Every structure is written in C-alpha cells, then in structure tokens.
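Peer 1: My questions will all concern the structure given below.
The values are calculated or read from the model by the stated rules, or taken from the named source; none is laboratory data. For clarity, every value in this text was computed on a predicted model and none was experimentally measured. Cβ placement follows ideal geometry from the backbone for every residue including glycine, while neighbour counts extend to all protein chains displayed.
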Amino acid sequence: MNYIKQINTFYKLIQDNPLSSNAQCLYNYLLNKCSELGWKSEFSVSNLIVCGFTSLSRQALDRARNELIQKGYLKYKKGYSNQAGKYLIVCFDIQNDTQDNAQNDIQGGHKVSTLNKLKETKQKENISMQSVIDFYDQNINLITPFEFQKLQDFSNMESELIIFAMQKAVTANKRNFNYIEGILKNWKVKGISTLIQAKNEEQEFRRLKENVGQKEETDEEKNARIIREMEATVNGNSGIRWRNRKIREVLR
C-alpha cells in the first residue's frame, strides 16, 4: 500500500461522499498505524489506545468505525475476551503501470524505460513526504486530513526544509500547525525552497542583528562628537585652573 496515493484518494472520495470529522480522524490514525506496522493486511489495536490517540469517546469511536465500514473504507473483526479487534484498511492503490506505454531512452547502449524513471522519482517523493508526516505525528500531533492538504501548498519545498520548520516549532515550544505554516509561508514569500537557503538566510539575519547600532558615523554626527569632546576638554581645563587658584588662596 502506498501512503500518499491512499490518503490522496481518500480525500478525493470524501469530497463527493463526505464523512464526519470523527470518521476522518479515525481513518487517519488507523492509516498511520498501519504504516508504522509495515502495511500488514490486518492489524490489532485496542479501543483504549484508539480513543487515547484520537480523543474520541468509546461511543464516538463505534459510530466513526461503523461509518467507515458502511462506506467501504474499512473492515473490522471484533475482538473477544482480552483480545483487541482487528482492522483491515481497504486499499485504493490499484496498479495499472504495466498497461502504460512509455517511450524508451538509450543510455550507454542500454534501454532505460521512461516510465521506470518516473516511478523512481515518484517513490522518492512519497518517501520524503512520509518522513514529513512521521516527524509531525511523532513531535507535533497526529496530523489531520486538513493539515495534510495544507502541506501540499509547500510541495515545491524540500522535505528537509518542512521538517526544519517543524523542528523550529518544537524548539520554540509552539507545537501547532499554524506556527509551522507561518514559517513556511514566510520562506515561500522569500523564495526559499531548500534547507541550505533557509540556514543561509538565518545566518544573514543574525549577522545583521549583531550589527544593529554599529552603523558608520555621518559627517554631521562626527562633527557634533568632536565639538562635544572639545567642550569637555575646555570645561575640564577651566575646572583645573579654578581649583589651583583656590589652593593658592588658602596657602597665603
């Protein structure tokens, strides 16, 4: 099962056939759980754990699960005694790649399928996005369908850069999507799309901050400073002469 294809297909389906927010939350959690377990065809997770991660009550969990089952997104086998129930997520990722026609390139006397190249590129993109989702789930919160869709606005950015924004949110103790989105939007406006560009921008910002207040004197500022120093010298000399005169008067 491919996480990105699965979740994207899920979002497309619910546009025409809406689900409750609880059902969406449950599906998102179960899909993530299935991914963590290596895409097992069936996997077990207790109601207590599901309720804990999704913040759903037991009654809300039952309703959300039934909704997903009725609409064909999920299959469920109820557990007995102390055994947890088993879930099976219906896979939308139907492979039709073998039916595609692709032109072939020739490199070094070997034919290289253009389709295979595209597949490799897509797989790398999927792995990168999966790393973003994993970091968010583990360090921020369980990602919601809405948040996942919003992240697609920054698909031109390196996954490392998106994760860097999340790391900054963790460091600042601002573990929420709005804070992360604000960082990403700021980088997007500045045309920053790679991790190196972001770090260079930070270094430049720190350099400019350190130089605040150390600007070069203008000619007017320099002349004013010289006059103040001269006045201080004159006043100082006058004070010394007055003190010496008083000493001589006392000695007489």
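Peer 1: What do you reckon, is ILE183 more than 30 Å from TRP39 (Cβ to Cβ), out of contact with any strand residue (DSSP E or B) (no Cβ under 8 Å at 6 or more places or on another chain) and at pLDDT 90 or above? Before the answer, list the steps.
Peer 2: Working: more than 30 Å from TRP39 (Cβ to Cβ): yes; out of contact with any strand residue (DSSP E or B) (no Cβ under 8 Å at 6 or more places or on another chain): yes; at pLDDT 90 or above: yes.
When the stated conditions are applied, ILE183 passes them.
Peer 1: Of everything in segment 47-80 that's without any contact (Cβ under 8 Å) to a residue 40 or more places away in the chain, touching a helix residue (DSSP H, G or I) at 6+ places or on another chain (Cβ under 8 Å) and part of a strand (DSSP E or B), which residue is surrounded by the fewest Cβ atoms within 10 Å (Cβ to Cβ)?
Peer 2: The selected residue is LYS75.
Peer 1: Return the residue satisfying two criteria in turn: it lies in segment 35-56 and is of a type in the set (A, V, I, L, M) and under 27 Å from the mean Cα position of the chain (by Cα), and of such residues it is farthest from LYS77 (Cα to Cα).
Peer 2: So in segment 35-56, the residues of a type in the set (A, V, I, L, M) come out as 37, 45, 48-50, 56.
Imposing the further condition that a residue be under 27 Å from the mean Cα position of the chain (by Cα) reduces the set to 37, 49-50, 56.
On the way: LEU37: 18, ILE49: 17, VAL50: 15, LEU56: 20 Å.
Only one residue fits best here, namely LEU56.
Peer 1: Ok, one more. Of all residues being touching a Leu at 6+ places or on another chain (Cβ under 8 Å) and among the aromatic types (Phe, Trp, Tyr) in segment 11-46, which is surrounded by the most Cβ atoms within 10 Å (Cβ to Cβ)? Just the residue, please. Can you show your working first?
Peer 2: Let us first name the residues in segment 11-46 that are touching a Leu at 6+ places or on another chain (Cβ under 8 Å), namely 19, 22-23, 25-30, 32, 41-43, 45.
Right, trim to among the aromatic types (Phe, Trp, Tyr) and you get 27, 29, 43.
Working: TYR27: 23, TYR29: 20, PHE43: 17.
Among residues in segment 11-46 that are touching a Leu at 6+ places or on another chain (Cβ under 8 Å) and among the aromatic types (Phe, Trp, Tyr), the one surrounded by the most Cβ atoms within 10 Å (Cβ to Cβ) is TYR27.
Peer 1: Mind listing whichever residues of segment 1-13 are touching a Phe, Trp or Tyr at 6+ places or on another chain (Cβ under 7 Å) and outside any helix (DSSP H, G or I)?
Peer 2: MET1
Peer 1: Among the residues of segment 142-187, write down those that are touching a Lys or Arg at 6+ places or on another chain (Cβ under 9 Å), part of a loop (DSSP other than H, G, I, E, B) and surrounded by 13 or more Cβ atoms within 10 Å (Cβ to Cβ).
Peer 2: Those that are touching a Lys or Arg at 6+ places or on another chain (Cβ under 9 Å), part of a loop (DSSP other than H, G, I, E, B) and surrounded by 13 or more Cβ atoms within 10 Å (Cβ to Cβ): MET157, LYS174.
Peer 1: Residue by residue through segment 14-33, note down the ones that are assigned to a helix (DSSP H, G or I), more than 13 Å from PHE148 (Cβ to Cβ) and modelled with pLDDT of 90 or more.
Peer 2: If we filter segment 14-33 for residues that are assigned to a helix (DSSP H, G or I), which is where we start, we get 14-16, 21-33.
Filter once more, so that each one left must be more than 13 Å from PHE148 (Cβ to Cβ): 15-16, 21-23, 26, 30, 33.
Across segment 14-33, the qualifying residues are SER21, ASN22, ALA23, LEU26, LEU30.
Peer 1: Then there's this: Quick one: LYS190 ticks every box in (1) in contact (Cβ under 8 Å) with a residue 24 or more places away in the chain; (2) more than 26 Å from PHE10 (Cβ to Cβ) bar one, so which box is it?
Peer 2: Every listed condition holds for LYS190 apart from (1).
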